[in-house]
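Every number here is computed from the coordinates shown, using simple stated rules; none is lab data. Small disclaimer: the values here were computed from a predicted structure and weren't measured. Heads up, the Cβs are rebuilt from the backbone with ideal geometry, glycines too, and the neighbour counts pull from every protein chain shown.
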Amino acid sequence: MALAQPQAGGEADPEVDREVQRAIKRVTEDLESFSFNTAVAALMELSNVLQKASGPSRDTGVATLVLLLAPLAPHMTEELWHRRGGSGSVHQQTWPSFDPKLAAPSEVTIVVQVAGKMRDRFTAPAGTSKAELQRLALKSEKVQAALGGKTPTNVIVVPDRLVSVVLE
């Protein structure tokens, strides 16, 4: 399946859209700081994601990929732009904008520490409340085993990252 040919139909894939947004952010920052190797690496990662994708998310992603690649491969991207049905020059198009809401992950991995040592980890929806993260961490079998029947003196919760159980 060639990236140069647009596809019709299908549903949007939020994971592909998230990767496109992450690539826009990374490539923009890398080009501004003249970090061309890491910009190319981000484009290669996006290309790999798009190879497996389909539907409108893939088409939007490929168009974005061509725009992001244009400063690094001007002649090739001009040809791809026209093969995909683009009008005008690829170099006269608006640079893709980054949307942090679309780039945010839907799930995060929470690390649980007891007395400063990592005892467990679990996944939770992004934005889960501190109280719910604390409840999920304290009900973990590994955490209960590490507590050994002791009562925690404090529980520190860093949203979307960490739950630290403090003992005396």
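Mind jotting down a quarter of the surface of the convex hull over the alpha carbons of the chain, in square nanometres, one decimal?
Numbers: hull surface 50.9 nm².
In nm², the orientation-averaged hull projection of the chain is 12.7.
Which of VAL27, VAL114, VAL62 moves the most in a Gaussian network model of the chain with Cα springs under 10 Å?
VAL114
Taking 0.36 nm per residue of sequence separation and subtracting the Cα-Cα distance, how much length would be gained by fully extending the chain between ARG121 and LEU138, in nm to one decimal?
On the way: separation 17, 0.36 × 17 = 6.12 nm, distance 1.15 nm.
Once the chain is fully extended between ARG121 and LEU138, it gains 5.0 nm.
Count the lysine pairs in the chain whose Cα atoms lie under 23 Å apart, taking only pairs 8 or more positions apart in sequence or on different chains.
Taking the Cα cut-off of 23 Å, the pair count is 12.
For the Cα atoms of the chain, what angle does the longest principal axis make with the long axis of helix 56-69, in degrees from 0 to 90, nearest 10?
For helix 56-69, the angle is close to 70 degrees.
Could you work out how much longer the chain between ALA104 and HIS82 gets when fully extended? Use 0.36 nm per residue separation minus the Cα distance between them, nm to one decimal.
Numbers: separation 22, 0.36 × 22 = 7.92 nm, distance 3.21 nm.
Between ALA104 and HIS82, full extension yields an extra 4.7 nm.
In the chain, what % of DSSP beta bridges are antiparallel (nearest 5)? Spell out each step's value before the answer.
Values: 13 of 17 bridges.
Taking every DSSP beta bridge with both residues in the chain, the antiparallel ones total about 75 percent.
How big is the charge dipole of the chain about its Cα centre, in debye rounded to the nearest 20, if each Lys and Arg gets +1 on its Cβ and each Asp and Glu gets -1 on its Cβ? Kindly include the intermediate steps, with their values, before the conclusion.
On the way: 18 positive and 19 negative charges, 142 e Å.
Roughly 680 debye for the chain.
Would you mind computing, in nm to one decimal, how far apart the modelled labels at PHE34 and ALA145 are, each placed 7 Å from Cα along Cα→Cβ?
Between PHE34 and ALA145, the simple spin-label model gives 5.4 nm.
Just how far, in whole angstrom, is the range 94-145 from the range 51-92 if you go by their alpha carbon centroids?
Their Cα centres are 36 Å away from one another.
With both bridge residues required to lie in the range 107-166, what share of the DSSP beta bridges run antiparallel, to the nearest 5%? Could the numbers behind the result be given before it?
Working: 13 of 17 bridges.
Percentage antiparallel, nearest 5: 75.
Just to be sure I understand the curve: with the Debye formula and one point per C-alpha of the range 107-166, what is log10 I(q)/I(0) at q = 0.13, 0.23 Å⁻¹?
Computed log10 I(q)/I(0) values: -0.26, -0.83.
Mind pulling the angle between the C-alpha long axis of helix 14-32 and the longest principal axis of the chain? Nearest 10 degrees, somewhere in 0 to 90.
Roughly 70 degrees, rounded to the nearest 10.
Contour minus end-to-end for ILE156 and GLN92, with contour as 0.36 nm per residue of separation and end-to-end as the Cα-Cα distance? Intermediate values should be presented prior to the final figure.
Working: separation 64, 0.36 × 64 = 23.04 nm, distance 5.07 nm.
Result for the pair: 18.0 nm of gain on full extension.
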